[in-house]
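Below is one structure; the comments refer to it alone.
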Amino acid sequence: MAVKRTGNRRTAHREKGYGQMYVYGNAVPKQQVLPKRKPEREPETEVRMSRQVRKNRNRAMSINPVYAGFLAVAAVFAVLVCVCYLRLQSDTISRSENITALQKELSVMTEANDTALHAAEDSVNLEEVRAKAVGELGMVYESQGTVIEYDAPANESVTQYNDIPSNGILAKSGETN
């Protein structure tokens with residue numbers, strides 16, 4: 001194959017057949033992808049181990065009965081801790097619900113009590129009570145010198161010298177009748 005020297009490296013490169021080749025027509029063969037080769041394994045050489053190394057490996061691969069017992073006890077302890085935790089959480093939730101119910105009951109009772117108190121306060125007219133106490137029952141307002149204070153005796157008992165009258169009116173208040 002003769003190569004023309006035109007001074008252009010690309011044309012020389014194509015003329016030699018390097019790079020991509022263009023094929024006319026529609027029957028272009030598809031490229032086949034070959035599978036990658038697996039590297040050949042080297043034959044395993046048997047490594048000789050001493051008896052002590054083999055013994056240590058076997059001991060490490062097996063579980064000691066004492067260690068297995070310890071693991072079993074630890075697992076049972078962990079399960080018991082979880083059960084106790086769940087029980088405490090359940091108790092906490094039930095108590096919280098109980099507290100909520102009691103708070104609702106308290107608010108209902110407080111509202112009913114407040115309503116009854118306001119109704120009682122609204123039903124009592126203090127002016128009527130004062131008028132009845134002064135007019136019908138003979139109550140008098142205190143004046144200077146009508147209130148006598150005394151010290152209680154040491155044994156804190158009071159001795160009554162006279163009976164209280166049946167009509168409940170004492171000394172000066174009896175004169176109003």
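Loop-located trypsin sites (Lys or Arg not before Pro) in the range 70-135 (DSSP state not H, G, I, E or B) with no more than 15 neighbouring Cβ atoms inside 10 Å do not occur.
Excluding ASN113 itself, what net charge comes from residues whose Cβ is under 14 Å from its Cβ, given Lys and Arg +1 and Asp and Glu -1? Net of charged neighbours comes to -4.
Charge tally for GLY135 (other residues, Cβ to Cβ under 14 Å; Lys, Arg +1; Asp, Glu -1): -1.
I want the local charge near MET61. Using Cβ-Cβ distances under 13 Å, sum +1 for each Lys or Arg and -1 for each Asp or Glu among the other residues.
Computed value for this residue: +4.
So for the range 51-163, what percent of the C-alpha to C-alpha distances run longer than 22 Å? When all Cα pairs of the range 51-163 are counted, 77 percent exceed 22 Å.
Bear in mind these aren't lab numbers, they're just calculated from the coordinates by the rules spelled out. All values reported here derive from a predicted model rather than from experimental measurement. All Cβ positions, even for glycine, are placed from backbone atoms using ideal geometry, and neighbour counts span all protein chains on display.
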